[in-house]
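Encoded as structure tokens, the structure appears first; notes follow it.
Read-outs throughout are calculated quantities, based only on the coordinates presented, and are distinct from any laboratory measurement. Everything numeric here is computed off the predicted structure, so don't read it as measured data. No Cβ is skipped: glycine too gets one built from the backbone with ideal geometry, and neighbour counts run over all protein chains shown.
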Amino acid sequence: MKEHPPICDYEGSHYQNEFWDQGGREYEDQVEAVALRRLLPHSGELLLELGAGAGRNTPRYKNFKHVVLLDYSLTQLQQAQNRLGSFDRYTYVAGDVYRLPFAPGVFDAATMIRTLHHMADAPRAINQVRQALGPKSTFILEFANKQNLKAIIRFLLKRQTWSPFTSEPVEFAELNFDFHPASVCTWLVEAGFNVERQLTVSHFRNATLKRIVPLNLLVAMDSLAQYTGDWWQLTPSVFVKTTAVGDTPCAETGDIFRCPDCGHHPLDKKADKLHCMGCDQHYMIRDGIYDFREPIGE
């Protein structure tokens, strides 16, 4: 059996508050919102948000009838519940992107924003996403770009040892990876996606610029520059819109869950747990959050 990759766990973190709400990243947040508006389908039934965290982007999926938020951290999902509420429109799932607990082909869209850069085995994660998507579904992926302009300049000036032009990922901090755009596109195609569009995002991610240039002007400038993404990718962040192609096995039942260990579906729902009749595993439901990280005993 293939060794399980390490997981970057935000359990107990106040990432939303410290990094976004009070971290001076209004510019990054707003330009990412622009990119999502341009790439998201106009409507849909069921969207999977991978690496949802505390739900920063979830309100931006307003054109979908139902959103499933997946994150490995239980506390991040609890923060998302506090922000968004426990309405029927949202389903909260604690799970592992390398072992997604979803029946095949049940989603008609998925997003993975600021999450792939934590993946030690990015192709494996992308393949898991493909299995959860139905035919012609949309997958929007954001990745940290190894071939960004700052990295190129630093390399040419011999201020960094790794090359931004080579295809392999670079781990600049523990479980934090930058990827080459060509590699990401290759992985997507090999997984069964057709790359339709790329947007380059955060062209002006610079502390001095963000301090002296009005926010609305920076966002407007970035919005225009995003259109260059199909020609070249030199920004620290790249958004890719893809469509699932090829034959896709789709679950016949309306139940979205499967056992992440044996793949059996549907699962038998009890009051506070889900039971897999294929391998006799049980998974807890903790205050409205489906916890598939580890099975439990009866």
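Report, for the chain, the % of DSSP beta bridges that are antiparallel, rounded to 5.
Close to 55 percent.
How would you classify the range 170-229 from its alpha-carbon gyration tensor, with a ≥ b ≥ c the square roots of the eigenvalues: rounded for a/c under 1.5, else prolate if a/b is greater than b/c, otherwise oblate?
Verdict is oblate for the range 170-229.
Report the extension gain between GLN30 and ASP268 in nm, rounded to one decimal, defined as 0.36 nm multiplied by the number of residues separating them, less their alpha carbon distance.
81.5 nm
Please give me the summed charge of the neighbours of PHE155: other residues whose Cβ is under 13 Å from its Cβ, Lys and Arg +1, Asp and Glu -1.
Result for the local shell: +4.
Quote to one decimal, in nm, the extra length available between LEU175 and TRP162 on full extension: 0.36 nm per residue of separation minus the C-alpha distance between them.
Computed gain between LEU175 and TRP162 is 3.0 nm.
Where in the chain are the DSSP H helices whose C-alpha atoms run 24 Å or more along the long axis and whose mean Kyte hydropathy is at least 0.5?
none
At q = 0.18, 0.19, 0.23 Å⁻¹, what is the base-10 log of I(q)/I(0) for the range 129-195 according to the Debye formula with one equal point scatterer per Cα and no solvent? Please give it to two decimals.
Taken in order of the listed q values, log10 I(q)/I(0) reads -0.73, -0.78, -0.98.
Just to confirm a number: summing +1 for Lys and Arg and -1 for Asp and Glu over residues other than TYR15 whose beta-carbon lies under 14 angstrom from that of TYR15, what do you get?
Around TYR15, the surrounding residues sum to -3.
Roughly what would the spin-label model give for ALA207 and ILE296, points 7 Å off Cα along C-beta, in nm?
Placing both labels 7 Å beyond Cα along the Cβ direction yields 4.5 nm.
Say R0 is 22 Å: what FRET efficiency, to the nearest 0.05, do ASP121 and ALA182 get from their beta-carbon distance?
Between ASP121 and ALA182 the formula returns 0.75.
Add +1 for every Lys or Arg and -1 for every Asp or Glu among the other residues with Cβ under 11 Å from the Cβ of THR115, and state the total.
Overall, the nearby charge balance is -2.
For GLU190 and HIS282, calculate 0.36 nm times their separation in residues minus their Cα-Cα distance, and state this gained length in nm to one decimal.
29.8 nm is the gain from fully extending GLU190 to HIS282.
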